[in-house]
Every structure is written in C-alpha cells, then in structure tokens.
Amino acid sequence: MNTKQYHYRDRIENYLDQILSELLAPARLKESMRYSTLSSGKRIRSLLVYAAGAAVDAELDRLDRVAAAIECIHAYSLIHDDLPAMDDDDLRRGLPTNHIKYDEATAILAGDALQTLAFELLTDEQAPFTDKQSRQLVSTLAKSAGANGMVGGQSLDMLAMDCDLELSDLENIHKKKTGALITASVICGALCSEHTCEHTLSNLKRYAEAIGLAFQVVDDVLDITSSTEELGKTSGADVALGKSTYPALIGLDNSKNLATKLYQVSMDCLQAISDNRGLTKSDQLDKKNSKLELLAEIAELIVQRTH
Ligand code: GRG
C-alpha cells in the first residue's frame, strides 16, 4: 500500500468509527457491529469507491457514505459467512470470528443490522445525494448484494460443496459471490458524480468485473500458498470444506497466469477511458497523478497481494 491508499483507508475507518459510535442500538449488538466492521480489513472495496470517484471528480462526502455502506455490507457478509451453518470459521482478520467472540444470535443480528445500516446511509436525510443518485445507489447495491449477486453466489457455493464443478460454474459462483460487490463499489463510486458518461461507466464496469474475478483467483491461490498467520484466517479452508478452487481445476501456475491476464484486461479498460478523454493531462493513464492512477494501483494491489 502507498501513502494515498493509507490515507483513504484511514479516512474510511475514521468515518465508520464515527457512524458506528453515533448509532442508536443495544450495547451488545452495537459492540459486535463495531467489532467486525472496525477490525483491520484491507478496505479494497472502499479504496475502489474513492478511486472510481476520483476518476469522475465526485465529491468526497458522497464517496464517504458510499464506501461506508459497502463496508457495512461486506462486514455483514463476512460475519454470516463464518457462522457454523456456513463456513464455520473461528478466525477472521486475525481475530476470533464474531460468533466466537459474542454468540451466534448476536452475530446473526449484527450482520442483519449492518445490512440495513448500509441502505440507511444511502437514503437518510443527511445523505448528500440527489434523489436520483440515492435511487441508483440503493438499486445497484441491493442487486449486487442480493439473490442474484453476493447472496446468490454464496447459495451456489454452499450447494457446490463436495461437487466437481466445471470452470464456467466456478466462474459464475465467484462473479456473484465476490465479484458483484467489487463491481458495485466501482459503479457506486462513479455514480457519485452526475457527469459520468456511458463510455466511462461501461469501461469501469468491465474493469471491475476483471479485477473482481482476479481477486477471487488470487484468494484461491493464497488459500493454499499462504499460512494462517499471513492470511489472518484459516488457510487451506477451501480444500478442507471440499470447495472447488481455481488451482484445483486448472493448476497453480495457470491460476497465477489467469490473474495476470485479468489484470491486463482491467488495465485495457482504464486505457480505453483515458483514450476517450485524451485531452487533459490529468485524464491520461500514463501520467503521474492521473485521475485513473488509483484504479490502476488497486488492480496491481489485487493481483500482488499476499493476504
Ligand atoms: C453470507 C451473504 C453471505 C455472503 C458471503 C463475501 C462472502 C459471501 C463470503 C466471504 C468468504 C470468502 C473468504 C470469500 C473469498 C473472497 C473474499 C470476499 C474474501 C474476503 O474479502 P477481503 O479479503 O477481506 O477483502 P478483508 O478482511 O480484507 O476485508
């Protein structure tokens, strides 16, 4: 991570801390929501919100709200994913999972409340969006998190346990389970400006789909090549749970090559945005301090990450 990325990570953590300290909720529920949301994640989805926003000159107070909403959905998904009925894990971000630290009922409720908080952040009277933006943001986030997005992917993933999947089935699961929220992070960041054109939006979507899949391919690789200490979650968990993974289906080297290929696709999309604008220096991908620089850095971060 570089200075700019640390800056945005600190920014969203302070913002989440403020929102969650002001939240009116029973003490134990609030503590458990704070525990999972404020523990040290990589904040890749938030970085993507700020990066997409920077590409289209969106206002920071809008991006803060969107990044916080997406972190709430992400935290809820991790809490529920770790439950005994799902992956039954006891370690997350190097700490006991929510249901181990508190109890199962509290963990379920914390996840539920984080999910509704996300939509409150996009719609309450202090939300700095136009009505149209609010509607677009809620709709984009709801679809990406819902039955044909993250939750649908999780459902397919659970059903696929101990099954031999085709590569296309695996890709479909990951596009929904992990990719959908990553794509929503980029799209929602871009929706925070009223001036984002269709060309930019469609290339940002293709950029996000490529890095979303790359994220999962790298996750599968790290599950077998990294230790529990490095990952902050149980390594080898996918294999132990009988899940199909990219290395299992196409081998370790092909998986690493696939991640590199997807990275290249994502960079091509940014280049297309740059070429389309082409006029001012700050829009050109290869210039220092380009508006697209952070998106390019995050794509690199995703394929090079070690945890
Ligand atoms: C339970 C509704 C529901 C959904 C669960 C996202 C998800 C769907 C499950 C997470 C399981 C998992 C480990 C998926 C692999 C990719 C992934 C989303 C990893 C966690 O995201 P990171 O690495 O986490 O960005 P941090 O801790 O850095 O925020």
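The values are calculated or read from the model by the stated rules, or taken from the named source; none is laboratory data. This is a predicted model, so every value here is computed, not measured. Here Cβ is always computed from backbone atoms with ideal geometry, including for glycine, and neighbour counts include all displayed protein chains. To get the accessible areas, we keep the full protein, side chains included, count just its heavy atoms, and leave off ligands, DNA and RNA. Shrake-Rupley method; radii C 1.70, N 1.55, O 1.52, S 1.80 Å.
Of note:
- The chain - charge dipole about Cα centre, Lys and Arg +1 at Cβ, Asp and Glu -1, debye rounded to 20: 820 debye
- The residue among L249, L159, L181 whose Cα reaches farthest toward the positive pole of the charge dipole of region 146-294, with charges on the beta-carbon of Lys, Arg, Asp and Glu, is L181.
- Those GluC sites (Glu not before Pro) in region 86-193 that DSSP places in a loop and that have at most 16 other beta carbons within 10 Å: E125, E166
- Positive contributions from Lys and Arg (+1) and negative ones from Asp and Glu (-1), summed over other residues with Cβ under 11 Å from the Cβ of V186, come out at +2.
- Across all Cα atoms of the chain, the radius of gyration (one decimal) and Dmax (whole number) stand at 18.7, 56 Å.
- Restraint check, K4/K177; K132/K243; K101/K291; K233/K256; K4/K30; K132/K256, Cα-Cα greater than 32 Å: K132/K243; K101/K291; K132/K256
- Less than 5 angstrom separates the built amide H of R92 from those of T97, all sequence-distant by 5 or more or on a different chain.
- With a Förster radius of 41 Å applied to the beta-carbon distance between V239 and S21, the computed FRET efficiency rounds to 0.55.
- Distance between region 64-82 and region 131-190 - C-alpha centres, whole angstrom: 13 Å
- Net charge contributed by nearby residues that have their C-beta within less than 10 Å of T97 (K/R +1, D/E -1): -2
- Accessible surface ranking for D81, D112, 1.4 angstrom probe, highest first: D112, D81.
- Put simply, when 215-222, 263-270, 184-191 are sorted by average Cβ atoms within 10 angstrom per residue, most first, you get 184-191, 215-222, 263-270.
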